[in-house]
Each structure stands twice: as C-alpha cells, then as structure tokens.
Amino acid sequence: MNIAVIPARGGSKRIPRKNVKEFHGKPMIAYSINAALNSGCFDRVIVSTDDAEIAEVAIKYGAEVPFMRPANIADDYATTLDVIKHAIEFTEQQAWGIKNVCCIYATAPFLTPEFIQKGLKELTENAIDYAFSATSFPFPIQRAIKLNSEQYVEMFQPEHLNTRSQDLEEAYHDAGQFYWGTANAFIAGKPILGTSSKAVLLPRKRVQDIDTPEDWELAEALFRAIEC
C-alpha cells in the first residue's frame, strides 16, 4: 500500500492559518490534496493535523483524517520526520501494510500529479530510499557573496571570480513540495538528502516557498501568471 501524508498543523505564526487560508478561490491545503488524489498513486491520502478546522477542510476536499496529531509533535520544534514516523506507526497499528509513503507539504499549490508520479517511478525503479522534488538555482551558487563584519562584500568562492558562468557546475535545491520514501527509510530516520536519494526536477516557475506574507504575494502572482 502507498499512502500520502500531508502535515498541516494549526499553529502557523508568520502567515496565520496559512494551511486553510484562501488561495485563488480554495483553501491552500486543497491544492496538495487534489494533486495527491489525481495522481492515482495512493491507496489513502491522509492529513496529519492537530486542528479541527484543518481536519474539516481536509475531509471536505477528499482526504482522510484518521487521527489527530498529538501536541508533542505539533509545536514549532517538531520535524517533518517526526510527523511522518507518527503517521506510519499509526498505520502499523491498523495493519495497513504500508510500503511507500509520500510526504506532501500543505503549501504546494504548484505541485501537479505528474511530478508525484515521477517520484514514485524513481523510488520503485531504482530501489532507493527517497525521491524528492528539487529545482535548479537561478544563478550560479559559486558566485554567491556575503557581507563581512564591516559590511563589505566577500565571495564565498573567490576562486570563481573570473570563471565563465557556462563553465560552472549547475546546482539544485530542495523544492519543498514532496518526499517519496519507503516506510522503512522513514522509520529508520535515514537522511532524505543522502546517497540513496534521487531528485525529481521541477521547473523553477513551479517552485515558491510560502513562509512569509511576501512569499504568499509572490506565489499568488506566479500562480496567476501560470494559469493565464
């Protein structure tokens, strides 16, 4: 059995109630639920939450909320891995026979079913621990700069000051949308960014962190542009 687990606690501080805040006509979490359901990859789509309103919205859009998340993994210090482990342990108690799990973040309105499908294909065909969403940096990271204690500019890698951009190796980062993994890998706490992981590359136009009000505004504008 394959399941999706969508973590969605109620205590968001920088964007209050962001998991159920309206985003282009629907609660934010509805986009993640719809992508999961439409992918056809899952026997069950579960939302892990400590919040009654989020649970109600999740069920309305087709997800299951078979348990309420305990307080000890619903605060600012709980990790995504804590939440996934808890969900898997619940399924083990119910004897669901889980093989693969996909953690999908609740704030991923640009995620489409095809990328979830690609992640499952990578996971199963390559016999790896994880397959997760990633995208490329828009600028060579070898040219990154920092400000020293006197606020003057310094390069992180000054040896690349005069290296041509086309000669620099392309770099990628976690897109923060989904993480496929075997149930065994999640339970064992194996690192997602490890040597037994593969990246599912997303176009940069479909990636936007949504952690601050400014991020939200950018996401709304990007979504509008894509939909138009």
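The values are calculated or read from the model by the stated rules, or taken from the named source; none is laboratory data. Worth saying up front: this structure is predicted, and the values here are computed from it rather than measured. Cβ sites come from the backbone with ideal geometry, for glycine too, and all protein chains shown count toward neighbours.
Quick notes
- Some residue of the stretch 158-172 being within 27 Å of the chain's Cα centre (by Cα) and touching a residue at least 60 places away in the same chain (Cβ under 8 Å): no
- Taking (1) modelled with pLDDT under 95; (2) among the aromatic types (Phe, Trp, Tyr); (3) in contact with a Pro (Cβ under 7 Å, 6 or more places away or on another chain) in turn, residue 77 satisfies each apart from (3).
- Only one of 131, 106, 95 that is in contact with a helix residue (DSSP H, G or I) (Cβ under 8 Å, 6 or more places away or on another chain) and part of a loop (DSSP other than H, G, I, E, B): 106
- Sub-6 Å Cβ pairs linking a first residue in the stretch 202-216 that is touching a residue at least 12 places away in the same chain (Cβ under 8 Å) and of a type outside the set (Asp, Glu) to a second residue that is surrounded by 19 or more Cβ atoms within 10 Å (Cβ to Cβ) and assigned to a loop (DSSP other than H, G, I, E, B), at least 6 apart or interchain, are 206/110; 210/107; 216/210, ordered by first then second residue.
- Tabulated pairs, the stretch 130-148, first over 25 Å from residue 200 (Cβ atoms), second of a type in the set (Val, Ile, Thr), C-beta under 6 angstrom, 6+ apart or interchain: 145/153
- Residues located in the stretch 164-183, provided they are surrounded by 14 or more Cβ atoms within 10 Å (Cβ to Cβ), farther than 14 Å from residue 107 by Cβ and of a type in the set (S, T, N, Q): 182
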